[in-house]
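Throughout, read-outs are computed from the coordinates displayed, never taken from laboratory work. All values reported here derive from a predicted model rather than from experimental measurement. In this analysis, Cβ positions are derived from the backbone assuming ideal geometry, glycine residues included, and neighbour counts consider all displayed protein chains.
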Amino acid sequence: MSGPRDWDAATYDRVADPMTRWGATVLDRLPLAGDETVLDAGCGSGRVTERLARLLPHGRVIALDGSAAMLDEARIRLAPFGPRVEYLLADLRRPLPIAEPVDAILSTATFHWLPDHSALFGNLAMVLRPGGRLVAQCGGAGNIASVVAILATLGDGWTGPWTFATPAETRARLEAAGFADIDTWLKPEPTPLEPGPPLEDFLRTVILGDHLARLPAAEREPFVRAVASRLPRPEIDYVRLNINARRAAYSRGPREPARSSR
């Protein structure tokens, strides 16, 4: 299994207004007293993490990402919080190197990049204390459908690395991983962008990175322009999958033995 792809973190930070806006609404769903330890699972350049850290004046944040470049960008943004933010380069597809259970997990715009959501939720459950909350949002069923349709007509027709799950699929996977009090739902978030370079920058940085990594350097910009020119309008038809859940009092994960029924 190869590791996560690295990102152009500085450009992402510049164009990530939509993700930051959605992240703020997700953060509003997470009740905090201010002294918790919260894992930001996929912190990116730290724009939402910064808002989270402000809500934890007596707590701390574990800012986790699979991209070293994203963590470097987050360190710059989050430097004023000092030791209240810990930075962790880790792959959410594997058991996480977190020794003490966290009180809550926040995640925005990350889970759809991971192929196996059953493994993902199991890995998260293993580091979340019993009763702790998982509050997340990612791309869901129907996300970027217009882009996916265009990708099917270009090159070898590969439509992308994403997992855009339904609420029902996600609920079942969360239950199997040991979560309870589950609420999952979809919300369309059509996102208009300025045509020309702003649209192309967004596609290149946020959506098409895995596609461009498969192409020779000379073919990358023509590919981005081809996708941009074929969109029906300068808009990304985002559909967000929202998740609220709580880790049940007992959750059996891959590192815990099954309990006896006696």
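Based on the mean of other Cβ atoms within 10 Å per residue, sort peptides 160-169, 127-136 so the most packed one is first.
127-136, 160-169
Just want the ordering: ILE236, ILE98, from fewest to most Cβ atoms lying within 10 Å of their own Cβ.
ILE98, ILE236
For segment 88-160 and segment 4-62, compute the distance between their C-alpha centroids and round to whole Å.
15
Which of (i) 31, 21, 20; (ii) 25, 21, 20; (iii) 31, 21, 17 is the computed semi-axes √(5λ) of the Cα gyration tensor in Å for the structure on display?
(iii)
Among ASP210, ASP72, ASP28, determine the one that fluctuates most according to a GNM of the chain built with springs between C-alpha atoms less than 10 Å apart.
Maximum among the listed residues: ASP28.
Once you have the Cα-Cα distance between THR11 and ARG84, take 0.36 nm times their residue separation minus that, and quote the gain in nm to one decimal. List each step's numbers first, then the result.
Numbers: separation 73, 0.36 × 73 = 26.28 nm, distance 2.60 nm.
Extra length from THR11 to ARG84 when fully extended: 23.7 nm.
Would you compute, from DSSP H runs of 4+ residues alone, the mean residue ellipticity of the chain at 222 nm, taking -39500 (n - 2.57) per run and dividing by the full residue count, rounded to the nearest 500?
-9500 deg cm²/dmol
Quick one: length gained pulling LYS187 to LEU55 fully straight, 0.36 nm per residue minus the C-alpha distance?
45.0 nm
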